[in-house]
Amino acid sequence: QQVQRRQLAYLFARMGYAEASLRQASVIPCASARFECEVLCRAHSARRVVEQGKLAETAQLLEEAEDYLHRGIECGALVDPWNVLGFQGLFPLFASREDSVPDQRVEMLYHMMESLLDAYSRALEETEARAAKQLTERISARYEELAKFWDRFGTVTVEDLPRVDAHEQLD
């Protein structure tokens, strides 16, 4: 039942139904699902509201999503990004690499980062197009901080995982 609710919560988040997503996630007893939904709901909602021209609301949603991401990592609900480099995206059951399984938490972290970076990129495009200089500077500064945070973990060097390069996202 937890797995079903988690998948339903992610589906609602991608569709832009934040309330329904968070309602499904709130029933799940593990904190990781709730943090993941909070990040994804805000990132996807930011994409939606930027299309409606609500740029200030977009910036607020992005900041909240980033805050949930950092809080989730700090409290241990989300995987520590250093594990990506340290364990090559695997969950070691024993000392040898052959006895490891793919760490699904890493894939979710990548998905959250991709969604967040994509939403930031879209918000920057729109604020530039509308000549909203203050918001562009605010969003750009936050994006740069997030890029520095993410890129320091060396996640792009792990060949078995998708490439999520924060600085490449803007190009």
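Structure data summary
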{"read-out": "Summed residue charge, Cβ within 12 Å of Y120's Cβ, Lys/Arg positive, Asp/Glu negative", "value": "-3"}
{"read-out": "Magnitude of the charge dipole, segment 17-91, Cβ model with Lys/Arg +1 and Asp/Glu -1, debye to 20", "value": "220"}
{"read-out": "Radius 13 Å from Cβ of G72, net charge of other residues (Lys, Arg +1; Asp, Glu -1)", "value": "-3"}
{"read-out": "Global form of segment 1-83, assessed from the alpha-carbon gyration tensor, a/c cut-off 1.5", "value": "oblate"}
{"read-out": "Sites A56 and A20, calculated FRET efficiency, Cβ-Cβ separation with R0 25 Å, nearest 0.05", "value": "0.50"}
{"read-out": "Three-way shape call for segment 110-150 based on the alpha-carbon gyration tensor, with the a/c threshold at 1.5", "value": "oblate"}
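Taken together, the values in this text are just the output of simple stated rules run on the coordinates, not laboratory data. This one's a predicted model, so the numbers in the text were calculated from it and none came from an experiment. FYI the Cβ positions are ideal-geometry reconstructions off the backbone, even for glycines, and counts take in every protein chain you see.
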